[in-house]
Amino acid sequence: MRPQVVFVTSEIYPFSKTGGLGDVLGALPLTLHRMGIRTAVVTPFYGRLGSAEFGVHLAWSDCHVGYPWDPVTADIFQANFHGMPVYFVHRSEYFDRRFYYNDHKGDYFDNAERFIFFSRAVMEFLKRLGPAPAILHAHDWQASLIPVYLNYWRQHDPFWQDTRSVMTIHNLAFQGRFSSRLFQGAALPPQAWSMDGVEFYGDFNFLKGGIACADKVSTVSPSYAKEILTDAFGCGLQGVLRARQHKLHGILNGADYSIWNPSSNRFLPCTYDADHLKGKRNCKLSLIKELDMDPALKNRPILGFIGRLRRQKGVDLLIDILPRLMQQDVGVVVLGEGNLEKEARLHAMMEDYPGRLTTIVGYTEDLAHRIQAGCDIFLMPSTYEPCGLTQMYALRFGTPPVATAVGGLRDTITPWPESGATGFIFNEQTPDAFHAAVTQAISVWKDEPKTWRDMVRRAMQQQFTWERSATEYIDLYRELGMQ
């Protein structure tokens, strides 16, 4: 039976993940599948594919991708992911690499060719698979040529005539912008090179093409949908988005509570819930021991930061205020990677504050869970945040976040001192404003223990479910004609 909705993405957890995109695609299609929508996912077969729990097997070999030069083919692998098919596009020279998109030297030089190949392979494979899906749902720039191909191909190919597309923007800052000379390799018709297609100030812009050609465009929170129409957050595409505002929808992501849940979590030394918080205290003691931190921190607040060490995540603000935080007798744990200079700076600062500042460069899923559980306060000073999942995880783990008033952070955190507060928000993206908000959180933690416990319990009871998000996507698909 043909899938009704095919998701096209460069990541899907647990097979591949660099951040929130992988988490979203590991949850949303599966939720829709469980709600009765026939879904499938197509993604690259990376050299670092995590597939131990699921049998990945070769399903089709030598799938022609229709390049305008010598024939190039892909092998298609398949896995059964809790009853939902996931298909993997394999060609070793494009995807068998240590990292997905870049290394410490920068983006891979052939990223345009890699994801043109991926998009072409997806379209040709779906023709081989059988009747066309009702919806092709593309995610971020790596898959954003899918709506472009569909837009032009369905004009002359009856196979695609009834298929519609949705383009979801997870982060507008990453657009897949390349030299114009690479356009020819995409084998798109000449009319695609226009203001209403992939051309953008003389460059080949994948995401701009997806926005221009998709039947619907969505992004991952209501606030971000409004922000990207402005000059401050539009990343140069605000004019394109304003012209298509009638088809732009902000749908808040959900959190996968089957994974990010302290009451049933295989990564934690002990579990807990909103009515039994002793386990959180034990997780804190265990984290102090695991990271060899000062035992005195058991009676002081520990602050956690998990994210890429890049400007977007506010790591510059964090580094700036760290000396002031250390004077306030707190502990800080940082988990992330991304910028060698920031990594080196944080490591150097660890020597100044032994036992109180811990930086772990890299990312491991199990440690991320233990940091969420073992910390008292979570730091998320993002300069922009389309949705953010980490603050949703922090809320469920009873670790009230201190966050910037942007995007999905604004949509998911009720700020202190409002009634029903679940965290702390600051408006000005400056070190002083960030430090003031953190200091306020520390003060409530130290001086108002009952108020803090009440906030923790409220935070843990928040429900940002994927079922709610999936219901909104079903409505969107039905507007496009899905039965």
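The values are calculated or read from the model by the stated rules, or taken from the named source; none is laboratory data. Worth saying up front: this structure is predicted, and the values here are computed from it rather than measured. Ideal geometry is used to build each Cβ from the backbone, glycine not excepted, and the neighbour counts take in all protein chains shown.
Residues in region 248-279 that are surrounded by 15 or more Cβ atoms within 10 Å (Cβ to Cβ), of a type in the set (Gly, Ala, Ser) and in a loop (DSSP other than H, G, I, E, B): 254, 255, 263, 274. Of all residues in region 299-335, those being in a helix (DSSP H, G or I), surrounded by 15 or more Cβ atoms within 10 Å (Cβ to Cβ) and over 23 Å from the mean Cα position of the chain (by Cα) number 6. The number of residues in region 210-243 being surrounded by 15 or more Cβ atoms within 10 Å (Cβ to Cβ) and farther than 18 Å from residue 384 by Cα comes to 9.
Residues checked against (1) assigned to a helix (DSSP H, G or I); (2) in the same structural domain as residue 135 (by TED's automatic domain parsing); (3) closer than 23 Å to residue 263 by Cβ:
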{"residue": "438", "(1), (2), (3)": "yes, no, no"}
{"residue": "445", "(1), (2), (3)": "yes, no, yes"}
{"residue": "450", "(1), (2), (3)": "yes, no, yes"}
{"residue": "453", "(1), (2), (3)": "yes, no, yes"}
{"residue": "473", "(1), (2), (3)": "yes, yes, no"}
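Selection of region 234-267 for residues being farther than 27 Å from residue 203 by Cβ and of a type in the set (A, V, I, L, M) yields 251, 252, 255, 259. Taking the listed residues 10, 61, 92, the one that is over 22 Å from residue 133 (Cα atoms) and assigned by TED's automatic domain parsing to the domain that holds residue 125 is 92, with no other qualifying. Within the option set 132, 173, being of a type outside the set (Asp, Glu) and either at pLDDT below 95 or closer than 16 Å to residue 40 by Cα (or both) holds for one residue only, 132. Just one residue in the set 114, 48 is among the basic types (Lys, Arg) and assigned to a loop (DSSP other than H, G, I, E, B); that residue is 48. Within the set 56, 86, the sole residue that is modelled with pLDDT of 95 or more, surrounded by 14 or more Cβ atoms within 10 Å (Cβ to Cβ), of a type in the set (A, V, I, L, M, F, W, C) and at negative phi turns out to be 86. On inspection, residue 464 qualifies as touching a residue at least 40 places away in the same chain (Cβ under 8 Å), farther than 22 Å from residue 330 by Cα and touching a helix residue (DSSP H, G or I) at 6+ places or on another chain (Cβ under 6 Å). Put simply, of 320, 316 the only residue that is at pLDDT 95 or above, out of contact with any helix residue (DSSP H, G or I) (no Cβ under 7 Å at 6 or more places or on another chain) and under 25 Å from residue 384 (Cβ atoms) is 316.
Might you let me know whether region 313-323 holds any residue that is over 30 Å from residue 463 (Cα atoms) and touching a Leu at 6+ places or on another chain (Cβ under 9 Å)?
The answer is yes, given that some residue of region 313-323 is over 30 Å from residue 463 (Cα atoms) and touching a Leu at 6+ places or on another chain (Cβ under 9 Å).
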